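These notes concern the structure reproduced below.
The values are calculated or read from the model by the stated rules, or taken from the named source; none is laboratory data. Note that the coordinates shown come from a computational prediction; the quantities given were computed from them, not determined experimentally. With ideal geometry, Cβ positions are generated from the backbone for all residues, glycine too; neighbour counts draw on all protein chains shown. Note: accessible area is taken over every heavy atom of the protein model, side chains too, but ligands, DNA and RNA are not part of it. Shrake-Rupley method; radii C 1.70, N 1.55, O 1.52, S 1.80 Å.
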Amino acid sequence: MDSPDDVGTACANALVIRWDPDAAAANPYYWHRALPLVDEMLERLGVLNVPGFAEASAALSTDVASREAWNSVRSTIAAWVRRRPRDAGPVSSFVLGVASRTRLDYYIGESYGEVLREEKEWPSRRGAPAASGLTAPLAQIVVPFRGGSSTPERIRNLMACLFALGDQTLERDSYRVVVVESDAVPLWAPAIRPLADDYIFAPSSTSFNKCWAVNVGVLNAAQPAPLVCVLDADALPDRDFVARNIARFRRPGTGALLPFRDLTYLDEHATRAAIDARCDSATGEVLREHTRGFLVHRAPGVCVWLRRDVFDAVGGMDERFEGWGREDLDFVLRLQLATAFDFYDDTTYHLHHPTAAQLKGGQTVNAHIPLLSWEPTGAIGDPQRYAGGSFGHGDHQLSVSDGLA
């Protein structure tokens with residue numbers, strides 16, 4: 001049975017989701033759908049005139065990252081439910097229903113805010129050297145990326161991600177890291193190359209096309225592998241990330257997997273602390289009690305693992321998707337239809353950055369593309385899809401005539 005504390009927590013979480021802009025940035029679509037439920041919850045609580053709730057909620061609305069303000073709302077609602085269980089019954093059921101019906105949730109650790117370190121341009125240490133290429137890799141980790149020059153958080157996040165991929169428990173020659181930078185010009189090649197086994201520049205001045213960038217990486221990397229990991233540049237893998245997920249494919253019948261059920265979108269402060277803990281501390285471990293962020297239940301993006309033969313069988317990712325929205329969902333749905341698909345419950349962090357994700361009429365910009373409809377009629381992963389000329393691979397420039405187009 002749900003306790004008064006559960007009701008208080010669900011209420012406090014819903015209020016932070018309503019007022020913190022980072023909640024909308026975590027997933028604009030899910031946030032948009034949650035708003036009517038949260039607003040109705042606020043209206044019901046207001047009518048009941050719960051003692052102390054107006055003051056506690058006002059304090060939280062002005063400082064959404066305050067654990068003290070969050071806990072004040074939580075304890076106020078919990079105390080009222082205990083005192084007036086009959087009066088509180090209907091609204092308690094509604095509050096808990098809001099939590100179960102929305103795909104956004106909230107987490108604030110008990111020690112959030114205690115770790116405050118000055119921000120670095122990116123991690124001061126570097127991961128292990130790139131793979132030697134002398135042995136056949138077990139896995140190919142493909143990281144699509146566009147950083148731009150106006151959002152330094154994105155290159156910071158990529159550097160942390162690449163450091164974490166180099167700081168693994170598995171032997172470095174067992175896997176290869178492929179970064180595909182897709183932009184009008186290769187802005188970050190000098191920073192990326194030392195931390196990646198393959199650097200590919202895929203020229204494009206249109207909206208970022210993650211699907212195409214992933215296909216470019218899988219199809220044009222120097223060394224293919226039997227397993228593929230599609231990893232967003234703002235993920236922060238733990239030290240056992242590669243070994244743990246490769247081992248999962250030893251289970252008979254495994255064709256693809258998501259390593260998490262709930263994805264944690266860290267706020268900016270928690271992001272800085274997490275990068276510092278993962279990349280510049282002796283333990284290399286992020287303590288969850290130091291974090292704060294928004295949980296997206298069953299998020300389809302950020303990281304997916306699959307066998308290479310499954311990737312080929314489904315035709316890769318759908319290159320018609322441009323800009324943010326539904327491309328990851330489409331890929332995961334097609335994988336679930338094509339092969340045995342597993343879910344795990346690893347703690348997975350998404351690093352904070354400004355977002356350009358937008359909705360049109362409550363829908364993503366790609367809502368017009370039918371899901372599960374990708375049937376490529378030609379080759380996928382063409383690095384010259386959006387522009388002619390040359391593209392970057394490894395430590396030098398290659399032209400189409402080099403046979404990699």
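G362 versus (1) modelled with pLDDT of 95 or more; (2) open to solvent by less than 30 Å² (accessible area, probe 1.4 Å); (3) over 26 Å from A184 (Cβ atoms): which is the lone unmet condition?
(1)
Looking at A78, A10, A59, which is the one that is in a helix (DSSP H, G or I), open to solvent by 40 Å² or more (accessible area, probe 1.4 Å) and of a type outside the set (D, E)?
Values: A78 fails: open to solvent by 40 Å² or more (accessible area, probe 1.4 Å); A10 fails: open to solvent by 40 Å² or more (accessible area, probe 1.4 Å).
Answer to the check: A59.
Go through the residues of region 258-271 one by one and say whether even a single one is free of Cβ contacts under 8 Å to residues at least 60 places away in the same chain, part of a loop (DSSP other than H, G, I, E, B), open to solvent by 20 Å² or more (accessible area, probe 1.4 Å) and closer than 24 Å to S100 by Cβ. Walk me through it before giving the result.
So in region 258-271, the residues free of Cβ contacts under 8 Å to residues at least 60 places away in the same chain come out as none.
No, region 258-271 has no match at all.
Run E319 past the list (1) assigned to a loop (DSSP other than H, G, I, E, B); (2) surrounded by fewer than 14 Cβ atoms within 10 Å (Cβ to Cβ); (3) at pLDDT 95 or above and report the number of the one that doesn't hold.
(2)
Would you check which residues across region 23-44 are surrounded by fewer than 21 Cβ atoms within 10 Å (Cβ to Cβ) and in contact (Cβ under 8 Å) with a residue 40 or more places away in the chain and list them?
If we filter region 23-44 for residues that are surrounded by fewer than 21 Cβ atoms within 10 Å (Cβ to Cβ), which is where we start, we get 25, 28-30, 32-33, 35-37, 39-40, 42-44.
Selection gives A25, P28, Y29, Y30, H32, R33, L37, E40, R44.
Just a yes or no: is a residue in region 64-74 crowded, with 21+ Cβ neighbours inside 10 Å, at pLDDT below 95 and outside any loop (DSSP other than H, G, I, E, B)?
No, because not a single residue in region 64-74 is crowded, with 21+ Cβ neighbours inside 10 Å, at pLDDT below 95 and outside any loop (DSSP other than H, G, I, E, B).
Taking region 94-143 as the search range and keeping residues that are in a loop (DSSP other than H, G, I, E, B) and among the aliphatic types (A, V, I, L, M), which one is modelled with the highest pLDDT? Before the answer, list the steps.
At the first step, the residues of region 94-143 found to be in a loop (DSSP other than H, G, I, E, B) are 102-103, 109-138.
Still in the running and among the aliphatic types (A, V, I, L, M): 115-116, 128, 130-131, 134, 136, 138.
Details: V115: 61, L116: 56, A128: 60, A130: 67, A131: 67, L134: 66, A136: 91, L138: 97.
Only one residue fits best here, namely L138.
Would you check if A274 is over 26 Å from A99 (Cα atoms) and assigned to a helix (DSSP H, G or I)? Can you show your working first?
Details: over 26 Å from A99 (Cα atoms): yes; assigned to a helix (DSSP H, G or I): yes.
Spelling it out, A274 is indeed over 26 Å from A99 (Cα atoms) and assigned to a helix (DSSP H, G or I).
Identify the single condition in (1) under 23 Å from Y107 (Cα atoms); (2) open to solvent by less than 30 Å² (accessible area, probe 1.4 Å) that V50 does not satisfy, given that it satisfies every other one.
Answer for V50: the failing condition is (1).
If I go through region 226-237 residue by residue, how many of them are open to solvent by less than 10 Å² (accessible area, probe 1.4 Å) and over 22 Å from F260 (Cβ atoms)?
0
Please find, among L158, L187, the residue that is within 19 Å of V218 (Cα to Cα) and either modelled with pLDDT of 95 or more or open to solvent by 10 Å² or more (accessible area, probe 1.4 Å) (or both). Working first, answer last.
Numbers: L187 fails: within 19 Å of V218 (Cα to Cα).
Of the residues listed, the single one that is within 19 Å of V218 (Cα to Cα) and either modelled with pLDDT of 95 or more or open to solvent by 10 Å² or more (accessible area, probe 1.4 Å) (or both) is L158.
Looking at the structure I just gave you, is R248 open to solvent by 30 Å² or more (accessible area, probe 1.4 Å) and closer than 18 Å to Q168 by Cβ? So that I can check it myself, show each step before the final result.
Values: open to solvent by 30 Å² or more (accessible area, probe 1.4 Å): yes; closer than 18 Å to Q168 by Cβ: yes.
Spelling it out, R248 is indeed open to solvent by 30 Å² or more (accessible area, probe 1.4 Å) and closer than 18 Å to Q168 by Cβ.
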